[in-house]
Every structure is written in C-alpha cells, then in structure tokens.
Amino acid sequence: MRILTAGESHGPYMVAILEGFPKGVKIEEKFIDQELKRRMSGLGRGKRMQIEKDKVEILAGLRNKYTLGSPIAVAVKNKDTKIFPQKKDNLAPLVIPRPAHADLAGALKYQETDIRNILERASARETVCRVALGAICKQFLLLFGIKIASFTVRVGKVCSTKKPHNISEVIRKGRTSKLNCIDREKERLMAQEIKRAEKDMDSLGGVAEVWIEGVPVGLGSFMSFEKRLDARLSSCLMSIPAVKGVEIGLGFEYAHRRGSKSHDAIEYCKRKGFLHPTNNAGGIEAGISTGSPIVLRVAMKPIATLRKPLDSVNLLTKKSQKASVVRSDTCAIVACGVIAESMSAFVLTEVFLEKFGCDTSREIKANYQAYLKHLKNTLL
C-alpha cells in the first residue's frame, strides 16, 4: 500500500490518496469523522480546534460505500484558509524562525526567505490526512477482529503506571476522559500540569500508549531488515510531528533488567496452543507478531510554538530577535495518540495484505481462515 498526502495548513483543503487497498470493504464516512473528531480533542488544545470542524469527503475509490480496489481519494476542507494556490494573499513574510520547528532547517534547505512557505507544509495539520486514511484501515482490520486504541500515560512530570486489563477497558474509560487517560487520579494531576503550563505561556509533551488486540501470529518477517514489523511500526510512528521516541513492549526498560527478568517464557495448552504468560516483548519478536497484544509507546516533545517565545535570529538582518508567535496548543498528547493509532493501522493493514492477499476482501478472508485452520491443525 502507499499513502500520499497533500495540502498546506491554511490552504483550502488537506487531501490524501490511499493506493493498494483491497476491493469489497465497506467504509463508513461517519466512522472517519468520529476519528477526526478524536484528533481534535483533549485538554490543552488551542483555538485552531475551535475553528475547524473536520469532516471527510470521499472523492474516489468507492461505490455504494464499498471499495473498488482503485486508489481511494479523500479531502478535508480547512475553514481557516489564508493561502491559495492561484490567488494572491496579503500575508506578511515570516522571517524569524521558531526554535524546534522546521522553520530554520527548512528555510536553509529550500533557500527560502519567507518561512510561511516552510511551516505551511511542515505543520501537524497534515496529520488530519493520516487519521482519515487510518480510519479506513481500521475498518478493514475490524473485519478480522483487530482493534486499536490509545491512552495517555504521561503529561510533563505526571506519569501513570496503571495498565488496562484489555483494549475494551481502554476504549470505555477513554470516552469519559478529557485526556484519554485510564487513571483518574493521575488524569487530575495531568490537567493541573497543563493549566499551569498554559498560565505560564509554556507548553508540554507527554507519552501515549497504543494497544492492538486480535493480531494473529506471523505478520512481518525477519528475512529482510525492512520487513520487520517493529521496524515498520517504529518508522511510521517516528514520522508523526513532535514524536521523538518510540518504545515497544518494555522498551528502554529492557536496559535495566537481566534477561531472566525480561524475556517472555513459552507455555503450551491444548485449547490455546503455544502462548506467552507475559508480554514484555509487546507482541513482536524477531520482527514478527506473536499473537499477543501489540503494545507501543510514543514520546511527544513539548509543543514547539511558545506564547513566550525563545531567542532567535532574523533571517534577513541576521540580528537577534524573539521567535515569531503563532497560534498553537499547550499540549496535544491526545491527538498524538490518535495519530499513532492511525499510523499503526496503516502498517498492520499493509502487512496483513502481504500475508493474506490484496485484491478482494473475499479472497483475503478465505486465505486468513485457511491460515488459522492450518495453525490449529498442524502446529497448535
């Protein structure tokens, strides 16, 4: 599969194309819109989220709600439109780069003196496309009982160590949480942390955890390094703006433990076959899914745009100035989790199609059932 996105943060539309998606999958616009709404939610979001009311328009690739096997094209209209492909705008050039943004590196790379031509594309607004296409992939995965959900485990210095029993708990508790957190006491402290940062005109990052249940054993491969499931997931998760770290299973905790206290033992029972009583590996071993839930974490840096800006330098005069102040969020960790779900859904759909076929949903279902039957009869 392949994803192509286009659009600028304040252009007329954000658009995306999904190529290689199979024929015969029912897609509901309502489900996509719900995912787009989740991306806009969370305590600490800025005024842009009050302006936009994201709704998807499916432009191509479906007929009567079912995919045709052709490229799927979607668009999300920007209400806060300020720049246009053909019409001249009256926006003054931005010449003071903001630290921790694409502003300076992008301006130097593309030999640009108006930073607006850099930030418009580098903006996290582009992720609305990923969430829209991720919602399409989620609807495919649900046909095979694969569910994906995320929850917030850290905001600033406040960290929750509470783990859910299953993905149903994550989804249920997330519905009533402003920070998509399953730990109510820590959520209260996280909210206080965000309010303090907002008062100080500062910003915060955090950590979101993604759980994926229902993934069969055998997705991904160790035969070639680029085929490893953990590598593919990590690559897509690191592509999310502001994400600076990815963990799978115990992640960096592995470095503090001995092997005897780290690795998942193997057991066998007649009803379930081979299994692991623990899941420290996070559902992936040697680049292959184990059948246990896949557990991922993404670390998001604090929002780079500050209302009390850091020192910078004017691109034209080369003199020191404070960085430009552009409307922004205080904390967007909930949105980060939703985007991480979407990128995970894309990767899992891709490896699922590689394993079980990619032309029609009927063919894929038949191959999937045959594979499960083979596992049960010959190995389990």
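Each value in this text was obtained by applying a stated rule to the coordinates, not by laboratory testing. Since the model is a prediction, treat every value here as computed from it, not as a measurement. Note that we place each Cβ from the backbone using ideal geometry, even for glycine, and neighbour counts take in every protein chain shown.
Using R₀ = 30 Å, calculate the FRET efficiency as 1/(1 + (r/R₀)^6) where r is the Cβ-Cβ separation of R188 and Q34; round to 0.05.
Details: r = 26 Å, r/R0 = 0.87.
Here the calculated transfer efficiency is 0.70.
If you put +1 on each Lys and Arg Cβ and -1 on each Asp and Glu Cβ, how big is the dipole of region 2-379 around its Cα centre, in Debye rounded to 20?
On the way: 64 positive and 40 negative charges, 166 e Å.
Dipole size: approximately 800 debye.
The chymotrypsin sites (Phe, Trp or Tyr not before Pro) of region 213-298 meeting both criteria, a DSSP state outside H, G, I, E and B (loop) and at most 13 other C-beta atoms within 10 angstrom of the site's C-beta, are F222.
Annotation: lysines with alpha-carbon distance below 19 angstrom to K26 (same-chain offsets under eight excluded): K55, K65, K138, K147, K365.
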